[in-house]
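As structure tokens, the structure follows; a few thoughts come after it.
Values in this text are rule-based calculations from the coordinates and carry no lab data. Since we're looking at a predicted model, the values are computed, not measured. Cβ placement follows ideal geometry from the backbone for every residue including glycine, while neighbour counts extend to all protein chains displayed.
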Amino acid sequence: MTGLGEHNLAALAERSFATKGDYEALLFEGRWHRSGELFERGRRLAAGLSQLGIAPGDRVVVTMANSPEVGIVYHALWRAGAVVTPASFLLSRTELHHVIADAEAAAVITSAEFADKAREASADVASVRHLIATGQVEDCTALEELEQAEPQAIVPSGDDDLAAVMYTGGTTGQAKGVMLSHANLDYAGCAAQAAAYVPGVNRGLATLPLSHSYGLLVTIAGLHNPEQGVGVLLRWFDPQLFLDMIEQQQIQQTAVVPTMLQILLSQPLEDRDLSSLRYLSSGGAPLAPQVAEEFMRRVPSVSIRQGYGLTETAALIATNPVGREKPGSVGLPVPGTEVRILDDELRPLPPGEVGEICAASPGVMQGYWHSPEATQEALRDGWLHTGDLGYVDDQGYVFIVDRKKDLIIRGGFNVYPRDVEDALLEHPAIERAGVIGRLDEVSGEEVVAFVSLRPGAQATSQELVQWGRERIGGYKYPREIHVVDEVPLTGVGKVDRKALRKALGELVHR
Ligand code: AMP
């Protein structure tokens, strides 16, 4: 049996509570939750899950909107020795099914509002033994009931044992599970806390999804905070509520994706007293310097720090140090992380030259779940090949130039063109589909599709967009679809995205 590792996340939660004690720690939808209450609920739920039969190493899919329960469930799963497998509540039923089936999940934990989707998505997956939901939902074990169990000791997991499998889109279509160990996540949380730590800056606002690696990271970073941090949690991003909370709760720091800043800029910021806000971290997608500048001009108390990371590194690779921010850069590698820029022959490049950004750190994943080939491609000699193109300046600051892969980032969410193409091909009238990104002021990038129709079939762009809105995940259906005679293909029969980009450029300039 594995002993309890020094980086065990359940033990970290225990130490954090022992140090900081019981205080009003989290505000969610008008109610304050004390740290003691949150900790105790996690301890009890862990025992309840173990008694239900959740065993060490079991993957448990968690699909919920942000709420205090998400953190409680993560903590409980780590205490029970299980593996947190988050799935965004925005996933379609088919996508959720893929995560549950691929992870061979033992259970799915959800909230009442997503219980039907979770039930349908797990119906034919033999590994799933339990469906657990908050509230009273038919056929589901009630989370509240499991919280009645008497607390037990932590079920020990070692540092290299898996703590999370996080699904992220793959360039070849289906999402792949990124395997992160207790040591990976502990390092990532510790590094993020150290990078953001300013004594006395303790009131944070969390609005990014806790199902994403960044949200998970923030949760763990909080456990590393030596002070009594106070958090306000939003179910999801709502610009009015976001600003209300900053004003009412004297929020000092928060993290956003660039699209959120764009949306905030269209709000009457000057009518608000946002002077408590000092630090704003931005990541997940490129931040246009003019957006950052305009925000800082309109909210003068704020300094915006850009950071960079991937699910595969358990989050941060680099971030701008407080007081030494460089506009346009994603900052310096965080302590313990090394960055190299490699050319196509894997030779390191000198400062200023563009190549693939590669990173080595204690946060780098164990590999992709059940995908040894993809793992081999991404991890070479301990270096993670990010697929991002960039350079490092002579002071070590990292700049991202472009993406090697075809990933589209719409509003901070990853959209893989092939994934959308596959979904479009399910429409009876569509014969071929090609998807690319187009720069967009609000979303960063917008998803654009080119489709050709089957002989004799008819469909207008509007009808297809409407169909996509209903069938493809809300954050990634193409808002713009061009019906063309032929979708260009490369010599080996793949969609020729270069040709599509050219066609789109011509459409724009016509
Ligand atoms: P994810 O695994 O969902 O976190 O997505 C990781 C990808 O997001 C990276 O490979 C980058 O392409 C992109 N990304 C993250 N942060 C930034 C940033 N600050 N600027 C540009 N791209 C970013």
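Long-range amide H contacts for Val62: which residues qualify at under 5 Å (H placed 1.01 Å from N, peptide plane, sequence gap of 5 or more or a different chain)?
It is Thr85, Ala87, Ile109, by chain and number.
I need the per residue convex hull volume for the chain, using only the alpha carbons, in cubic angstrom as a whole number. Kindly include the intermediate steps, with their values, before the conclusion.
Numbers: hull volume 82.0 nm³, N = 510.
With only Cα atoms used, the chain gives 161 Å³ per residue.
Could you tell me whether the range 33-126 comes out rounded, prolate or oblate from its Cα gyration tensor? Rule is a ≥ b ≥ c as square roots of the eigenvalues, rounded for a/c under 1.5, then prolate if a/b exceeds b/c, otherwise oblate.
Working: a/c = 2.35, a/b = 1.43, b/c = 1.64.
Cα axes put the range 33-126 in the oblate bin.
If each DSSP helix of 4+ residues adds -39,500 (n - 2.57) and the sum is divided by the residues in the chain, what number results at 222 nm, nearest 500 deg cm²/dmol? Intermediate values should be presented prior to the final figure.
Working: 15 runs with 160 residues, N = 510.
Value at 222 nm, helices only: -9500 deg cm²/dmol.
To the nearest 0.05, how large is the calculated FRET efficiency for Trp32 and Glu353 if R₀ is 51 Å and r is the Cβ-Cβ distance? Don't skip to the answer; put the middle values down first.
Working: r = 52 Å, r/R0 = 1.02.
FRET efficiency, Trp32 to Glu353: 0.45.
Taking amide H atoms as placed 1.01 Å from N in the peptide plane, list the residues 5 or more away in sequence, or in a different chain, whose amide H sits under 5 Å from that of Ser303.
Here the answer is Tyr279, Leu280, since their amide H atoms fall under 5 Å of that of Ser303.
Distance between the C-alpha centers of the range 288-361 and the range 370-385? Whole Å please.
If we compute the Cα centre of each part, the gap is 22 Å.
Residues of the range 83-106 with backbone nitrogen within less than 11 Å of a virtual label 7 Å along the Cα-to-Cβ line of Glu426, please, listed as ranges.
Residues passing the 11 Å test: 92-98.
What distance in nm separates the simple spin-label points at Glu293 and Arg403, each placed 7 Å from Cα in the Cβ direction?
A separation of 2.6 nm, rounded to one decimal place.
Over the chain, calculate the relative contact order: mean separation of alpha carbon pairs under 8 Å at least 6 apart, over the residue count, as a percent.
Numbers: 1119 pairs, mean separation 57.5, N = 510.
Relative contact order of the chain: 11 percent.
Quick one: compute the contact order of the range 1-124, relative version, from alpha carbon pairs under 8 angstrom and 6+ residues apart, as a percent. Don't skip to the answer; put the middle values down first.
Values: 162 pairs, mean separation 29.1, N = 124.
So the answer I get is 23 percent.
Which whole-number percentage describes the relative contact order of the range 1-62, with Cα contacts under 8 Å and a sequence gap of 6 or more?
Values: 25 pairs, mean separation 11.9, N = 62.
Computed over the range 1-62, the figure is 19 percent.
Mind giving me the nanometre distance, one decimal, between the label points for Ser301 and Gln249, set 7 Å out from Cα along Cα→Cβ?
1.5 nm
Run the numbers for Glu325 and Glu506: contour at 0.36 nm per residue of separation, minus the present Cα-Cα distance, in nm. Present the calculation step by step, with values, prior to reporting the outcome.
On the way: separation 181, 0.36 × 181 = 65.16 nm, distance 3.79 nm.
Full extension from Glu325 to Glu506 adds 61.4 nm.
Which pairs, out of Lys20/Lys176; Lys117/Lys498; Lys117/Lys176; Lys20/Lys326, put more than 32 Å between their alpha-carbon atoms?
Numbers: Lys20/Lys176 37 Å; Lys117/Lys498 37 Å; Lys117/Lys176 21 Å; Lys20/Lys326 34 Å.
Lys20/Lys176; Lys117/Lys498; Lys20/Lys326, as the Cα separations exceed 32 Å there.
Quote to one decimal, in nm, the extra length available between Leu346 and Arg93 on full extension: 0.36 nm per residue of separation minus the C-alpha distance between them. Spell out each step's value before the answer.
Details: separation 253, 0.36 × 253 = 91.08 nm, distance 4.00 nm.
Result: 87.1 nm gained on full extension.
What number, in nm² with one decimal, is the all-direction average of the projected area of the convex hull of the alpha-carbon atoms of the range 410-490? Mind showing how you got there, number by number?
On the way: hull surface 20.8 nm².
Its Cα hull, projected and averaged over all orientations, spans 5.2 nm².
Give me the number: length gained by fully extending Gln152 to Glu441, i.e. 0.36 nm times residue separation minus the C-alpha to C-alpha distance, one decimal in nm. If you can, show how the numbers build up before the last one.
On the way: separation 289, 0.36 × 289 = 104.04 nm, distance 5.14 nm.
So the chain would gain 98.9 nm between Gln152 and Glu441.
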